[in-house]
Each structure stands twice: as C-alpha cells, then as structure tokens.
Amino acid sequence: MGMRKTAIVALIALAGAGASLLPTVAIAQPAPGAAATAQTAASLSPADKAALLKKLQDAKQHDKDARKGWSQEPLTQATYDEKIADIKRLIDKLKKGEDFPLSDVDKAVASPGSTPY
C-alpha cells in the first residue's frame with residue numbers, strides 16, 4: 001500500500017506541475033476608460049474638419065467611379081452604394097456640426113482592396 005500511495009501522490013504532483021507548464025491564453029479586454037477616450041469630430045480643429053471633409057468627398061467620388069466602371073457585378077455595386085450612403089451621412093453630420101466618432105470615418109472610407117484614396 002505504501003508504494004501505491006507514493007505513486008498516486010507522484011502522479012498528482014506531476015499533474016499539478018504539468019498544468020503550470022501549459023501555455024495560457026490571455027484575452028485582451030479594453031480598458032475601462034477606453035470608450036471615453038475615443039476621438040470624435042467635435043474634438044477637431046476647423047482646419048482638421050476641413051481636411052476630414054475633403055477626405056470624405058474624395059472617398060465618395062472614388063466609390064462613385066468604382067461603382068460606375070470597375071465592376072458591373074450587382075453585389076459589388078450594392079456594396080459601393082452602401083459605402084457612398086455612409087459617406088454622405090458623415091458629410092451631412094460634419095456640415096451640421098453633429099458629433100460622431102472618427103472610427104466611423106475609417107470604416108466608411110476603408111478601401112475594399114489595397115487601393116488608397
């Protein structure tokens with residue numbers, strides 16, 4: 001019996017030591033104040049707002065051109081229609097002085113491929 005207990009204790013000790021050797025996965029959590037620090041359109045200077053407006057207008061024109069000539073596939077055209085509508089909505093908000101997160105701009109002007117605006 002003494003040998004059996006020793007073997008059981010050794011197995012338990014190895015299992016406990018082995019568990020600490022396994023790789024662990026850390027899941028990233030946003031900081032509690034991260035949402036409060038998101039940059040918005042209201043925080044921009046007038047010059048930055050003008051540059052943002054120009055960027056949105058350029059992206060809208062790019063998407064119109066892409067929709068018109070680059071693809072006649074209906075799903076691709078619908079994607080461009082949606083992107084153009086999002087950009088128009090942001091331009092209207094910017095002109096009216098309404099606030100919105102700048103991450104919305106990044107999503108709206110994101111190129112579906114590697115073509116920069």
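Here the gap between A10 and D99, fully extended at 0.36 nm per residue and compared with their Cα-Cα distance, gives a gain of 25.6 nm. Note on S43/K64: beta-carbon distance plugged into 1/(1 + (r/R0)^6) with R0 of 30 Å gives a FRET efficiency of 0.55. Legend: calculated FRET efficiency, T76 to K54, from the Cβ-Cβ distance at R0 = 22 Å, rounded to 0.05, equals 0.30.
FYI, it's all coordinate maths here, none of it is from the lab. All of these numbers come straight from a predicted model, not from anything done at the bench. So basically every Cβ, Gly included, is an ideal-geometry build from the backbone, and we count neighbours across all protein chains shown.
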